[in-house]
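K.L.:
The structure under discussion is supplied below as structure tokens; questions concerning it will follow.
The values are calculated or read from the model by the stated rules, or taken from the named source; none is laboratory data. This structure is a prediction, so every number in the text was calculated from the model and none was measured. Here the Cβ positions follow ideal geometry from the backbone for every residue, glycine too, while neighbour counts run over all protein chains shown. Keep in mind that these areas ignore ligands, DNA and RNA; they rest on the heavy atoms of the full protein, side chains included. Shrake-Rupley method; radii C 1.70, N 1.55, O 1.52, S 1.80 Å.
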Amino acid sequence: MSRMTGDEKHGPAATSTLDVLWVLYDRVLRVRPESVEEAGRDRFLLSKGHGPMAYYAVLVAKGFLPEAWLSGFGAYESRLGHHPDRMLVPGVEIGSGSLGHGLPIAVGTALGLRAQGLSEPAVWTLVGDAELDEGSNHEAIAYAGAVGLERLHTVVVDNLSATYGRAGGIAARFEAAGWSTVTVDGRDHEALYQAFSTPHPGRPHVVVARVEPKFE
């Protein structure tokens with residue numbers, strides 16, 4: 001991450017996600033640089049797309065991107081923008097933009113895979129706690145729980161930056177909609193892995209990863 005210079009005004013958004021991203025790509029996701037086009041791959045959708053330095057660093061570490069790209073981060077001619085672009089960055093599934101769009105897209109992705117009879121691929125999306133202020137997420141949470149999207153997984157990085165969320169109440173919101181929920185220390189790699197691996201038959205699954213508050 002230190003290789004990426006320029007306007008890094010969303011530094012906390014990057015550092016808060018680093019451990020989650022590493023455990024996912026190192027131990028959970030069934031996707032590799034050579035399989036990014038295969039139908040049976042797992043899908044990872046970064047909704048918390050602002051401040052993507054940790055995401056780029058993990059993609060480089062796992063061989064999706066050349067390390068030389070990092071030093072040009074944010075430059076006009078660089079492929080690595082302040083929001084990942086799926087047309088420019090290998091391994092990126094969606095181009096991130098407005099907060100609150102990633103989870104609805106993940107719901108649609110899981111539905112599309114189900115409609116194609118692809119039962120093996122898992123769909124993962126990473127959102128921030130502040131994104132849950134957006135109404136689009138409430139609809140996605142309610143729908144996914146109601147139809148039992150078992151292959152849908154969400155990680156919420158909670159750094160107490162939500163405007164309207166009740167502190168400690170994120171998991172309860174998902175649970176009320178029928179989701180399987182686990183809340184863990186977002187810096188503890190083994191706890192994250194166990195939470196990511198928790199069985200949840202017939203239900204979508206959310207892991208709330210608590211990290212240090214944004215403004216501390």
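K.L.:
So how strong a dipole does the chain carry about its Cα centre when Lys and Arg Cβ are +1 and Asp and Glu Cβ are -1, to the nearest 20 debye?
P.N.:
Dipole size: approximately 280 debye.
K.L.:
Right, here's the next one. Are there any chymotrypsin sites (Phe, Trp or Tyr not before Pro) in region 89-177 that are in a DSSP loop and have at most 11 other Cβ atoms within 10 Å? List them by number.
P.N.:
Loop-located and lightly packed - Tyr164.
K.L.:
Still on this structure: Rounded to whole Å, give me the distance from the Cα center of region 181-206 to that of region 50-89.
P.N.:
27
K.L.:
Can you give the net charge of the other residues whose Cβ lies under 14 Å from the Cβ of Arg151, counting K and R as +1 and D and E as -1? Don't jump to the answer; show the numbers that get you there.
P.N.:
Numbers: positive: Arg30, Arg41, Arg43, Arg114, Arg203; negative: Asp42, Glu120, Glu150.
Around Arg151, the surrounding residues sum to +2.
K.L.:
Just to verify a number: what accessible area does Thr154 come out at with the full protein assembly present, 1.4 Å probe, Å² rounded to tens?
P.N.:
In the full protein context, Thr154 sits at about 0 Å².
K.L.:
Identify which of the listed values of Rg and Dmax of the Cα atoms in Å was calculated from the structure shown: (1) 16.2, 46; (2) 17.0, 52; (3) 18.1, 59.
P.N.:
Comparing each candidate, only (1) matches the computed number.
K.L.:
What is the percent carbon and sulfur in the accessible area of the chain, measuring with a 1.4 Å probe over the protein chains and ignoring ligands?
P.N.:
Accessible surface attributable to carbon and sulfur in the chain totals 51 percent.
K.L.:
Which loop-located GluC sites (Glu not before Pro) does region 27-82 contain, where loop means any DSSP state but H, G, I, E or B and the Cβ has at most 10 other Cβ atoms within 10 Å?
P.N.:
Glu37, Glu77
K.L.:
Taking only protein heavy atoms into account and a 1.4 Å probe, give the accessible area per residue of the chain in Å².
P.N.:
Result: 45 Å² of accessible area for each residue.
K.L.:
Given the options Pro52, Pro199, Pro90, state which has the largest fluctuation in a GNM of the chain using a 10 Å cut-off (strictly under) for Cα springs.
P.N.:
In this elastic network of the chain, the residue with the biggest mean-square fluctuation among Pro52, Pro199, Pro90 is Pro199.
K.L.:
Tell me the net charge near Ala115. Cut-off is 15 Å between Cβ atoms, Ala115 excluded, with +1 for each Lys or Arg and -1 for each Asp or Glu. Could you put the intermediate results ahead of the total?
P.N.:
On the way: positive: Arg43, Arg114, Arg151; negative: Glu120, Glu150.
Residues near Ala115 contribute +1 overall.
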